[in-house]
Amino acid sequence: MAGTAVLGRLTWRVADVVDVRAETPRARTLVLDVPGWAGHRAGQHVDLRLTAEDGYQAQRSYSIASAPDGTRIELTVVRVEDGEVSPYLTGEIGPGDRIELRGPVGGYFVWEPAHGGPLLLVGGGSGLAPLMAMVRLRAAVGSPAETRLLVSSRSEEDVLYRAELGRLAGGGLTVVHTLTASRPAGWSGYARRVDADMLAEVGPGPAARPHAFVCGPTPFVEAVAEALVALGHEPQRIRTERFGPTGG
């Protein structure tokens with residue numbers, strides 16, 4: 001039975017696009033209905049495959065941003081200029097289209113309500129997506145786990161899920177933003193790259209032994225993980241997911 005389950009995850013499926021939502025000027029969320037989908041865990045990802053008319057194929061991996069919910073999943077895609085895949089996914093695909101995917105993939109970078117808290121979630125750019133799945137799952141099941149979410153974005157207009165995060169904040173969820181490139185007039189939040197001082201201020205500290213999840217570009221993830229260890233967090237409680245240039 002276990003082998004059958006693995007085989008199912010590695011099988012390419014055809015998913016139906018049922019909705020496309022704008023998140024930022026450069027990012028879109030695709031809502032997909034996946035017949036036969038057996039569910040996922042918050043933090044996992046899927047592989048997408050596009051096939052051109054001449055048979056050329058391009059494949060990319062995207063984190064699932066939605067909490068487990070039947071046969072539907074949500075993927076947030078940020079447009080990469082001159083990319084092969086993201087311009088199509090953010091500018092052309094729409095409801096009624098179909099796309100191939102396989103998964104869910106990954107069992108290390110996951111959180112479930114039974115794991116409890118506290119949680120320290122640190123996301124850079126589109127690395128917020130799998131952390132958003134955790135935040136949404138926490139809200140859906142009414143988990144009391146204390147959660148601190150630190151979001152690093154280039155500018156205010158680049159912040160993913162900004163309105164939803166504002167609604168979800170409270171009840172044990174603290175959302176903190178830092179903008180690294182530009183800030184609007186009157187901005188009172190952090191205005192620099194994530195560093196050890198910022199992580200210490202956002203907390204929870206190492207004495208609380210939080211489950212830490214860090215996702216984003218490779219240099220971002222490495223810097224944050226090193227800072228957490230330097231602050232005294234246990235390395236085995238720090239889980240990372242990183243991405244680098246993929247051609248978009």
For A223, the lone unmet condition from (1) assigned to a helix (DSSP H, G or I); (2) under 21 Å from S143 (Cα atoms); (3) of a type in the set (A, V, I, L, M) is (2)
Checked the range 134-174 for anything in a strand (DSSP E or B) and at pLDDT 95 or above; matches are T147, R148, L149, L150, V151, S152, S153, L173, T174
Matching residues, the range 75-92, being crowded, with 16+ Cβ neighbours inside 10 Å, out of contact with any strand residue (DSSP E or B) (no Cβ under 6 Å at 6 or more places or on another chain) and among the charged types (D, E, K, R): R79
Please pick out the residue among V202, V175 that is more than 20 Å from V229 (Cβ to Cβ), among the β-branched types (V, I, T) and outside the structural domain of T24 (by TED's automatic domain parsing). V175
Against the definition (surrounded by fewer than 23 Cβ atoms within 10 Å (Cβ to Cβ) and not in a helix (DSSP H, G or I)), how does G96 come out, yes or no? yes
What number of residues in the range 7-47 are among the β-branched types (V, I, T), within 30 Å of H115 (Cα to Cα), crowded, with 16+ Cβ neighbours inside 10 Å and out of contact with any Asp or Glu (no Cβ under 6 Å at 6 or more places or on another chain)? 2
Restricting the first residue to the range 61-87 and requiring it to be closer than 16 Å to R102 by Cα and assigned by TED's automatic domain parsing to the domain that holds A140, which pairs with a second residue that is among the aliphatic types (A, V, I, L, M) and in a loop (DSSP other than H, G, I, E, B) meet a Cβ separation below 8 Å and a spacing of at least six or different chains? none
Listed residues L131, L120; which is under 20 Å from I73 (Cβ atoms), modelled with pLDDT of 95 or more and not polar (S, T, N, Q)? L131
Under the condition of being part of a strand (DSSP E or B) and not hydroxyl-bearing (S, T, Y), which residue from the range 63-91 is nearest to T240 (Cα to Cα)? I64
Only one of these conditions is not met by P184: (1) of a type outside the set (G, A, S); (2) surrounded by fewer than 19 Cβ atoms within 10 Å (Cβ to Cβ); (3) in contact with a Phe, Trp or Tyr (Cβ under 7 Å, 6 or more places away or on another chain); (4) in a loop (DSSP other than H, G, I, E, B). Which number is it? (3)
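The values are calculated or read from the model by the stated rules, or taken from the named source; none is laboratory data. The shown structure was predicted, so the numbers you read here are calculated from the model rather than taken from an experiment. Positions of Cβ are generated from backbone atoms using ideal geometry, with glycine treated the same way; all protein chains shown enter the neighbour counts.
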